[in-house]
Amino acid sequence: MLTDRKIEKYADVLLWALKMARKGRYQKEDIVLIRYDLPGIRLAEVLQGRLLEMGMHPVMRLGLTPTMERNLFTLAKDNQIMFHSPGEKALCQNLNGSFYLHAPVSLTHLLDVDPKKIGKAAIARKFLRDILDKREARGEFGWTLSLLPTLELARHSQLSIGGYTSQIIKACFLDKSDPVKEWKEVYKNATTIKKWLNKMDVKAFYVESDHMDLKIVPGNKRRWIGLSGHNIPSFELFTSPDCRGTEGTYYADQPSFRSGQHVEGVRLTFKEGAAVGRTAQKGQDFLVKQLRLDPGACRVGEFSLTDRRFSRIDRFMANTLFDENYGGLYGNCHIALGSSYSDTYDGDPSKLTKQMKKKLGFNDSALHWDLVNTENKTVSAELTSGKKMVIYENGMFTY
């Protein structure tokens, strides 16, 4: 497991990330939520202490255990599943920051639960996420997600707990004397590539590999973003495309653990933006029902590429946060089904109304599900001038 010194370094990185996520606007009296799973309690304690020393107000929330979560979806009636406790809305309306210290002790405890019940809970809580999205667009809120090692994660990754912990240490630069300095260097290099991508006037992107032939339409008023502080680790660069323009076949060669379910070998066929073909080698029923969650669940809300030169992650980690930032031999791409990110709007996100989002093709959904492909692939950009150029191959941007 992580030593006390590594925990202190992790806290340094997460506090830097949270400031990045809100462009450094934190001050005394701000309210910051720390959500944590039980194995993450030591890091939660350190972060709480740091926030108190900074004059802020940490709010501590321990996540549900697998038994509690299973009880909710097997014993509760619909009105209980959709219930939200008094004060949750008020908290979201006043939050300035949020950490989530993810440390699951089970990944498959909801395998026999009806996916519709899980979907109902997600839909019922979407209004809380909408509140935070609006606050974030106004610069009033920032969030950061991180992961801690557990035996369950190591088991599903086919690693020892020591090997899994080493991957986290390496990915987050906790083996360096000054991890924050390392992250600042990655941020500088990624910024150069983002500027290069955002200068292009792209009509469509084409993703080709042994199992994929996909067309992504970026849409108007879009930009590539990444390394914003929201995720640690984070090496991906991404945009939210026009959800009406996706065509062709996408394949996720990496398994996905989501909502206590295991899904593997997902293949999607898109027509006029919607996934009309939906198959999975494992978790087929869950996949189909998730994509029926709401009208936007079967459309793409994010398109992402990770350059292997940035990422130190070279093993499957059974966790999307790490797997969507996989470096390895060929980097990775991923799409997210469901909701898009307003901060990929090439303008002031706080002025992006619901009507504007619909007109521009920003997707809206209670779902946001990242599906990862690590095959060797070529990504080409078709410019509005008619020129076509390769922007990504052999796991690297061609800049």
Notebook entry, point to check: If a residue has to be surrounded by fewer than 21 Cβ atoms within 10 Å (Cβ to Cβ) and hydrophobic (A, V, I, L, M, F, W, C) to count, how many in region 292-314 make the cut?
Noted result: 0
Note to self: Looking at Ala103, Ala76, Ala154, Ala90 in this structure, which one is over 23 Å from Gln27 (Cβ atoms), out of contact with any Cys (no Cβ under 7 Å at 6 or more places or on another chain) and surrounded by fewer than 19 Cβ atoms within 10 Å (Cβ to Cβ)?
What the structure shows: Ala76
Next item on the list: Looking only at region 361-399, count how many residues are under 30 Å from Arg292 (Cα atoms), in contact with a strand residue (DSSP E or B) (Cβ under 6 Å, 6 or more places away or on another chain) and among the aromatic types (Phe, Trp, Tyr).
Entry: 1
Item checked: Where a residue in region 166-195 is on the phi < 0 side of the Ramachandran plot and its partner, wherever it lies, is loosely packed, with under 14 Cβ neighbours inside 10 Å and modelled with pLDDT under 95, with Cβ under 6 Å and at least six apart -> Ile193/Tyr399
Note to self: Can you pull out every residue in region 158-196 that is of a type in the set (A, V, I, L, M) and either closer than 24 Å to Arg5 by Cα or out of contact with any strand residue (DSSP E or B) (no Cβ under 7 Å at 6 or more places or on another chain) (or both)?
What the structure shows: Leu159, Ile161, Ile168, Ile169, Ala171, Leu174, Val180, Val186
Notebook entry, point to check: For region 1-75, list the helices (runs of 4 or more DSSP H) that sit wholly inside it and hold at least 2 residues that are of a type in the set (D, E, K, R), closer than 26 Å to Gly139 by Cα and out of contact with any Phe, Trp or Tyr (no Cβ under 8 Å at 6 or more places or on another chain); which are they?
Noted result: 41-53
Notebook entry, point to check: What tally of residues in region 246-260 results from selecting those that are farther than 22 Å from Phe310 by Cα and in contact with a strand residue (DSSP E or B) (Cβ under 7 Å, 6 or more places away or on another chain)?
Noted result: 9
Margin query: Filter region 60-73 down to the residues that are of a type in the set (A, V, I, L, M) and surrounded by 16 or more Cβ atoms within 10 Å (Cβ to Cβ) and list them by number.
Written below: Leu72
Check: Does region 113-141 hold any residues that are within 21 Å of Met20 (Cα to Cα), out of contact with any Ser or Thr (no Cβ under 7 Å at 6 or more places or on another chain) and of a type in the set (Lys, Arg), and which are they?
Finding: Arg129, Lys134, Arg135
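The values are calculated or read from the model by the stated rules, or taken from the named source; none is laboratory data. Please read all numbers here as calculations on a predicted model, not as lab measurements. Neighbour counts are summed over all protein chains in view; Cβ atoms, including those assigned to glycine, are modelled from backbone coordinates with ideal geometry.
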